[in-house]
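First the structure, in the form of structure tokens, and then the observations on it.
The values are calculated or read from the model by the stated rules, or taken from the named source; none is laboratory data. These numbers come from a predicted model, not from an experiment. FYI the Cβ positions are ideal-geometry reconstructions off the backbone, even for glycines, and counts take in every protein chain you see.
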Amino acid sequence: MSRAGLWLSMFLIGCGEPASEVRPQVVAGTSEVELALAPGEYRCEVMSEAARAAVPPPPPNIEKAAFAPRIRDICPPGQVPVYQQAELRTHKAGPPLSGSAATRSLVGSYWYAGVMKPTDALSQSGVGASILFSNPAVYDQNDMVTSQMSIVRGANYHLVEMGLRKFWDAFPRLMISQWSYGQFNDAVGFVQVHGVYGPGMPLSSYSGYAVQQYIRHDNGNWWIWFNDAWVGYFPGSLWNGQFTSGDMAHFYGEVYSAQSRVPPLTDMGTGQFSGTSGTAYMQGMCIHTAGPSCTYVTDAWRTETNASYYSLSYSNGSYLEFGGNGGG
């Protein structure tokens, strides 16, 4: 979530021991990857009847790099995995996405580098991008870092977001979250249709890949696409049918410093500053309008909380570089 004059957000604070690093293994004779998951990492549940809703057509392949690894199903047919992850608690409010360092004495400090694009609220129905996934170094387990995009209506009143989130674990996880009526709800209400992809899925298999992602409103629901398939959807009923389009698209990196350190010490992206070798990036940033089309972003608004800690390179098109190591 991001945007000028609008309140960004974030959440966190968890408990428990960090999970073991996930080690992908190539399945002999196939192009699939098999996840070696730690005991208790997930459980299989019978797919909800609601998951049998009409699946939208695939999104357009805009600036699509080669597919990241396909993951072999880990649950029996008709079931989906539910991943275990550290508890997330909602901070009351994040700072506005602006040019100055913003600190909240009770909830830590937030740092951003990204872009936002206001659009016609009557026509914007989703966002898309390929986001480079990495494993940023986190100084404190209560710190958090994300690389993400979101579709937003109002001052974080309604939104759907997705991307990479690292918090408490030794590796990042797939973030699929929603806000309704100004309240962060994480993945509550999400209806999963994929046999592997889901909220909280470990992302170690995708480090170094720019993974294609889309959020799109279709047939009354907010659908999520990851890599090569639809993951599932947030039912429109979560917003009583009042959230069918957005007025802002956000693409950005975020760091939450639990102890309000200045400078912060957690990496954003790959830990490399924008414009340098190996920096994090997003490409093919686009906005859905009518039907399945997704139009390239142009002339988005730049924002950096503090470029000395986390910087941004953007030339008014659909490609963005961002990141840094804070004061580390």
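Hey, any hits in the stretch 94-111 for a residue that's modelled with pLDDT of 90 or more and closer than 28 Å to Ala300 by Cα?
Checked against the condition, which is being modelled with pLDDT of 90 or more and closer than 28 Å to Ala300 by Cα, the stretch 94-111 yields at least one hit.
Condition first: surrounded by 18 or more Cβ atoms within 10 Å (Cβ to Cβ) and part of a loop (DSSP other than H, G, I, E, B). Now tell me which residues in the stretch 304-318 satisfy that.
Selection gives Thr305, Asn306, Tyr309, Tyr310, Ser318.
Any idea how many residues of the stretch 279-303 are out of contact with any Lys or Arg (no Cβ under 9 Å at 6 or more places or on another chain), on the phi < 0 side of the Ramachandran plot and outside any strand (DSSP E or B)?
Going through the stretch 279-303 one residue at a time, the tally reaches 4.
Just the residues that are closer than 14 Å to Tyr256 by Cβ, at pLDDT 95 or above and not in a loop (DSSP other than H, G, I, E, B), please, taken from the stretch 112-144.
Residues satisfying the conditions are Tyr112, Ala113.
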